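The values are calculated or read from the model by the stated rules, or taken from the named source; none is laboratory data. These numbers were taken from a predicted model, which means no experiment stands behind them. Cβ placement follows ideal geometry from the backbone for every residue including glycine, while neighbour counts extend to all protein chains displayed. Each accessible area value is taken on the protein alone, full model and side chains, heavy atoms only, with ligands, DNA and RNA left out. Shrake-Rupley method; radii C 1.70, N 1.55, O 1.52, S 1.80 Å.
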Amino acid sequence: MQPTELTREGARVMTVCNACRYCEQYCPAFQAMEQRVTFATADLNYLANLCHGCGECLYACQYAPPHELAINVPRTFAQLRVQAYEQYAWPAALGAAFRRQGVMMALVLACVMIALLLGAALALNGDALLESGTVADFYAVVPHGVMVALFGGVGVFVLVALAIGAARCVRDQRTMNAAPSHGERGGTGAAFTDMLTLKHLHVAGRDCTTDLEVRTPWRRWLHHSTFYGFMLCFASTCVATFYHFAGTPAPYAYSSVPVLLGTAGGIALFIGTAGALLHRRARDAALSDAAQDNLDRSFLVLLMLTAATGLLLLALRHERVMGLLLAVHLGVVLALFVTLPYGKAVHGLYRATALLRYRREPAKEES
């Protein structure tokens with residue numbers, strides 16, 4: 001891949017950092033950097049995905065703006081990540097289209113999906129759309145076969161797109177400059193521990209920076225709330241699917257396992273996403289990039305709306321508005337699914353591959 005202006009700037013920044021090495025103990029990005037003499041696009045993509053954006057290096061850097069070298073690693077890596085998302089995206093046209101995705105585009109897409117579902121519900125059974133709330137029968141509004149076909153088709157497309165993106169990311173990493181051999185850094189188990197605990201959001205045992213000399217645990221806690229809330233919702237869907245094929249179709253009681261898992265997950269997901277959106281407003285703008293922020297906010301808004309509409313649907317499923325709420329919730333979920341391979345969501349996938357690579361990559365040769 002031919003270097004772009006951004007990759008040339010990334011190589012310049014990393015060359016300066018590699019000569020200084022003041023931040024070498026902060027995170028894996030700098031430790032992996034030290035094993036490289038030159039920085040091609042693949043190396044920069046790898047280092048950018050290793051970065052968790054904690055911001056510690058910016059405030060420690062003697063070459064940060066207003067110094068003439070203007071070294072800002074968190075912002076440079078944020079810009080490189082957005083470029084990598086487009087580079088790995090499949091189909092490529094959709095990757096380019098979603099690169100500048102913002103909150104407004106996400107909301108418009110959600111409205112389009114809601115309108116399509118309302119139209120389908122009216123065409124299939126208009127009466128049920130307004131009357132089915134008394135028995136909380138979701139499938140009376142959108143038949144089970146239609147729901148499976150719709151979400152199954154979109155889900156397969158999303159999984160294929162994510163798999164191709166991950167494969168391109170791994171293939172890109174295999175072209176990187178070789179590192180000196182001296183054992184590995186913990187292996188796969190350590191990599192998964194890093195992922196699930198967000199170890200690198202609090203370097204050296206300290207919390208993530210929000211501004212100069214301001215450290216709070218909120219960013220890490222809100223990430224955990226969002227991720228584990230999403231996983232609880234996914235578990236709820238899996239259990240409900242098992243119940244359905246075992247001969248117990250929805251609706252399920254409030255005390256049932258799918259509803260309890262979904263309620264806990266929805267609450268955690270809403271707290272995590274709403275809190276993250278508020279927290280971003282207080283964070284130093286120098287720690288990120290406008291394009292990355294657009295992707296972040298649109299993804300968080302769709303996740304928050306998914307949680308909010310799901311909880312509202314659960315609370316009002318015996319009311320006449322249930323059919324309308326169901327269409328709204330499913331429309332938001334469809335919009336979220338469609339954007340998954342092209343926005344903020346892929347950072348978790350690419351960061352996971354980078355952490356696996358880092359933990360398996362030979363450690364620096366000691367002199």
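A few points about this structure:
- Set the Cα radius of gyration of the stretch 226-279 against 2.2 N^0.38 Å, with N its number of residues, and you get 1.27.
- Over the chain, accessible surface divided per residue gives 47 Å², non-protein components excluded, 1.4 Å probe.
- What the Cβ-Cβ distance of Ile267 and Ala163 gives, at R0 = 45 Å and to the nearest 0.05, is a FRET efficiency of 0.90.
- Calculated on the alpha-carbon coordinates, the convex hull of the stretch 23-129 measures out at 168 cubic angstrom per residue.
- Taking Cα atoms only, the orientation of helix 218-245 departs from the longest principal axis of the chain by about 40 degrees.
- Taking 1.306 mPa s as the viscosity and 10 °C as the temperature, the Stokes-Einstein diffusion coefficient of the stretch 264-367 based on its alpha-carbon Kirkwood radius rounds to 98 µm²/s.
- Relative contact order (percent, whole number), the chain, Cα cutoff 8 Å, 6+ residue spacing: 29
- Annotation for the stretch 295-332: trypsin sites (Lys or Arg not before Pro) lying in DSSP loop with at most 14 further Cβ atoms inside 10 Å of their Cβ are Arg320.
- At R0 = 30 Å, FRET efficiency that the Cβ-Cβ distance of Glu68 and Arg215 yields, to 0.05: 0.55
- Take every pair of alpha-carbon atoms less than 8 Å apart whose residues are at least six positions apart; their mean separation over the length of the stretch 5-100 yields a relative contact order of 26 percent.
- Sulfur and carbon atoms: percent of accessible area, the chain [1.4 Å]: 66
- Across Gly266, Gly189, Gly95, mean-square fluctuation computed from a Gaussian network of the chain (C-alpha pairs under 10 Å connected) peaks at Gly189.
- Dipole of the stretch 18-124 computed with +1 at Lys/Arg Cβ and -1 at Asp/Glu Cβ about the Cα centre; of Gln79, Gly119, Gly55, farthest Cα towards the positive end is Gly119.
- Amide H contacts of Arg215 (H built 1.01 Å from N, in plane; Pro and chain starts excluded): Thr210 sit under 5 Å, all sequence-distant by 5 or more or on other chains.
- Whole-Å semi-axes of the stretch 35-75's equivalent ellipsoid (Cα gyration tensor): 20, 13, 8
- Diffusion constant of the chain at 10 °C, which comes from Stokes-Einstein with the Kirkwood Cα-pair radius and 1.306 mPa s, µm²/s: 72
- Efficiency of FRET between Ala123 and Leu278 - r from beta-carbon atoms, R0 41 angstrom, step 0.05: 0.55
- Relative contact order, whole percent, for the stretch 258-361 stands at 30, derived from Cα pairs under 8 Å and 6 or more residues apart.
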